[in-house]
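Asks: Supplied in structure tokens, the structure appears directly below.
What follows is calculated from the coordinates using simple rules that are stated; it is not laboratory data. Since the model is a prediction, treat every value here as computed from it, not as a measurement. We place every Cβ from the backbone using ideal geometry, glycine too, and count neighbours over all the protein chains shown.
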Amino acid sequence: MPTVRAERLCPDAIFVPPDFPRYRAVSRLTREIFKRHTDLIEPLSLDEAYLDVTTNKTGRPTATGVAQAIREQIRDELHLTASAGVAPNKFLAKIASDWRKPDGLFVIQPNDIRAFLPPLPVGHLPGVGKVTEARLERLGIRTVGELQDLKLQLLEDAFGRHGMRLYELARGIDESPVIPDRPTQSVSSEDTFERDVPLADIEAAIRRLAEKTWTATRKDERRARTVVLKLKTSEFRILTRSHTPPRPPSSCEELIRIALSLKDRVDLDPRKRFRLVGVGLSNFVESDDTPSQSELFE
């Protein structure tokens, strides 16, 4: 829930400011525990990752045993709870990890898939957001079981290439591997305002977030070519504006300048108010692949 909405619903609540340096430090310690069991670790965020423990370092015979050991080590060493999902593939493991939060362990065995999936709402499938869910509902589809009844051709006609993905997920099929050290695709910083503000009042926030994003990319030897501005209106509508200059931004000041120019491309009623703003960098390329700046003197 956005902080702004929580504050409206509970005006007497005490809001504790986040401590991201602390979160990152604990995330690194958690990753070290993961590495005792496998090197096949695909991080999703500071507090979530996929692990492939088909062959694990500790010789435990089952993935469930590995999950139990990891949760115990996190509890004993970091004094934190952890939820885990065990399943034959990534998307089912993700569903399982959410099943008994907080501090839960849920296992989906291969033989359980046929009975487990049909009752689930289609919104549990990865990639099925509010828009796709609404489109499926217009087709009379609310559960995974009802989705299973649709023919592949109908799904492809309605959803294009994503139709095949929906067809497979409804049947528990997900062949995507756990990819360790996946290269960063994008880096962004965003902030939710304490109260909704007009577009004219967010320049300071854009400058601050651009600086945070620029700092976060300095350890990456690659360079990001595309600048993205993200806005969320008071009605929860998300807007994005992006720009890919001839060469990647070479300084924080240049990133700020581009991000502010993207704000000017938001053509909405000046009275429109916004609850969130974000600045991101994406489309990373190796430094040698970027066109060099023209010489100042010849």
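Asks: Label points 7 Å out from Cα along the Cβ direction at Arg218 and Arg75: separation in nm?
Replies: The two pseudo-label positions are separated by 4.1 nm.
Asks: Something else: Check Phe193: other-chain or 5+ apart residues with amide H under 5 Å from its amide H, H built from backbone geometry?
Replies: It is Leu276, Val277, by chain and number.
Asks: Report ³J(HN,Hα) in whole Hz for each residue of segment 123-139, in order, from the Karplus equation J = 6.51 cos²θ - 1.76 cosθ + 1.60 where θ = phi - 60°; Gly and Pro get x.
Replies: After applying 6.51 cos²θ - 1.76 cosθ + 1.60, I find x, 6, 6, x, x, 9, x, 5, 5, 5, 4, 5, 5, 5, 5, 5, 8 Hz.
Asks: Send over the per residue convex hull volume for the chain, Cα only, as a whole number of Å³.
Replies: 196
Asks: What's the longest uninterrupted piece of the chain once you rule out the chymotrypsin sites (Phe, Trp or Tyr not before Pro) that are loop residues per DSSP with at most 15 other Cβ within 10 Å?
Replies: 16-235
Asks: Around Arg31, with a cut-off of 13 angstrom between Cβ atoms, what is the net charge of the other residues, counting Lys and Arg +1 and Asp and Glu -1?
Replies: Computed value for this residue: -3.
Asks: Right, something else. Whole Å is fine, so just give me how far the alpha carbon centre of segment 210-267 lies from that of segment 79-130.
Replies: Cα centres, segment 210-267 to segment 79-130: 35 Å.
Asks: Determine the relative contact order of segment 117-169: mean sequence separation of Cα pairs under 8 Å and six or more apart, normalised by residue count, in whole percent.
Replies: 33
Asks: Shifting gears a bit: What percent does the relative contact order of segment 186-289 come to when contacts are Cα pairs within less than 8 Å and at least six residues apart?
Replies: 48
Asks: So which GluC sites (Glu not before Pro) in segment 117-193 pass both tests, a DSSP loop state and at most 10 other Cβ atoms within 10 Å of the Cβ?
Replies: Listed in order of number, the matching sites are Glu175.
Asks: May I pose another question? Counting pairs of alpha carbon atoms under 8 Å apart in space and at least six apart in sequence, what relative contact order in percent does the chain give?
Replies: Reported as a whole number, the value is 15 percent.
Asks: In this model, which of Lys101/Lys151; Lys57/Lys130; Lys151/Lys230; Lys130/Lys230; Lys94/Lys230; Lys101/Lys212 are farther than 29 Å apart at the alpha-carbon?
Replies: Going by Cα-Cα distance, Lys101/Lys151; Lys57/Lys130; Lys151/Lys230; Lys101/Lys212 fall outside the 29 Å limit.
Asks: If you don't mind, there's one more thing I want to ask. Can you tell me which of 222-229, 7-14 comes out highest on packing, and rank the rest after it, using the mean Cβ neighbours within 10 Å? Don't jump to the answer; show the numbers that get you there.
Replies: On the way: 222-229: 21.5, 7-14: 8.9.
Sorting 222-229, 7-14 by mean packing, highest first, produces 222-229, 7-14.
Asks: Name the long-range amide H neighbours of Leu40: under 5 Å, sequence gap of 5 or more, or other chain; modelled H, no Pro or chain starts.
Replies: Asp52
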